[in-house]
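Contents: one structure, followed by commentary.
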Amino acid sequence: MGKINEFFNEYLEILDYYKNLTGINYEIRYQKEFNSQPEISSIIKKIIENKEYISSRLDPKYNKIRIRMSCPKCGLTDKNSILNKYENNKIIFNCPIHGEYYADLNKDTSMLEYNSPYRNLIRCIYYTLVNNNPNYDYQIIRVTGSDYAGFYQEEMRYKLASYLGIQHIRCQ
Ligand SMILES: [Zn+2]
């Protein structure tokens, strides 16, 4: 909906404040850029392979993999991923007006969106893969809230990443 743009300058003000305070520069990356990274496809596939385990913990209400993509013709989204189907490295979505459309997980990941628990899990797995890969010349540190929700999400991510066989370094 572009709502973020209404408040973007306020985010920049905070980032600029810390930049001036610390001398550390920053870069802004959008979800689309994050999703275009080569590791994302395999992370999504792994989540889908383990969908019963993951969805029962991250979406106990609907028991769904909360990954979505807007209809390319009208922009509508099945926000709760109720009608998603998973076949042969594709996620098939359903628009009430235009019917089925799909994302090929080998090339269309940049268009995907997730609800917060899934977004957190995917980010955390991605950061862990980068931090465990000696081909990257940097490490990622993630700063998360230390309130109850932040703590709960961190513990949940740790358990789920371990289940998926990701040697997880706690991000704090
Ligand atoms: Zn549509």
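The values are calculated or read from the model by the stated rules, or taken from the named source; none is laboratory data. In this text, all values refer to a predicted model and were calculated from it rather than measured experimentally. So basically every Cβ, Gly included, is an ideal-geometry build from the backbone, and we count neighbours across all protein chains shown.
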Does at least one position in the stretch 131-146 carry a residue that is within 16 Å of the ligand (Cβ to nearest atom), modelled with pLDDT under 95, surrounded by fewer than 16 Cβ atoms within 10 Å (Cβ to Cβ) and within 19 Å of residue 32 (Cα to Cα)?
no
Specify the residue that is nearest to residue 114 (Cα to Cα); the eligible residues are those in the stretch 16-68 that are exposed (fewer than 11 other Cβ atoms within 10 Å of the Cβ) and aliphatic (A, V, I, L, M).
28
Any residue in the stretch 122-140 that is touching a residue at least 24 places away in the same chain (Cβ under 8 Å) sitting within a Cβ distance under 7 Å of a residue that is acidic (Asp, Glu)? List the pairs, counting only those 6 or more apart or interchain.
126/39; 129/39
By residue number, the members of the stretch 107-138 that are outside any helix (DSSP H, G or I), charged (D, E, K, R) and within 8 Å of the chain's Cα centre (by Cα) are 113
Out of all the residues in the stretch 106-125, which are within 16 Å of the ligand (Cβ to nearest atom) and either under 20 Å from residue 166 (Cα atoms) or surrounded by 21 or more Cβ atoms within 10 Å (Cβ to Cβ) (or both)?
none
Which strands (runs of 3 or more DSSP E) sit wholly inside the stretch 3-105 and have at least 2 residues that are within 16 Å of the ligand (Cβ to nearest atom) and more than 26 Å from residue 156 (Cβ to Cβ)?
90-95, 99-104
Any residue in the stretch 80-101 that's touching a residue at least 24 places away in the same chain (Cβ under 8 Å): show its pairings with residues that are of a type in the set (Ser, Thr, Tyr) at Cβ separation under 6 Å, as long as the two are six or more apart or on different chains.
93/101
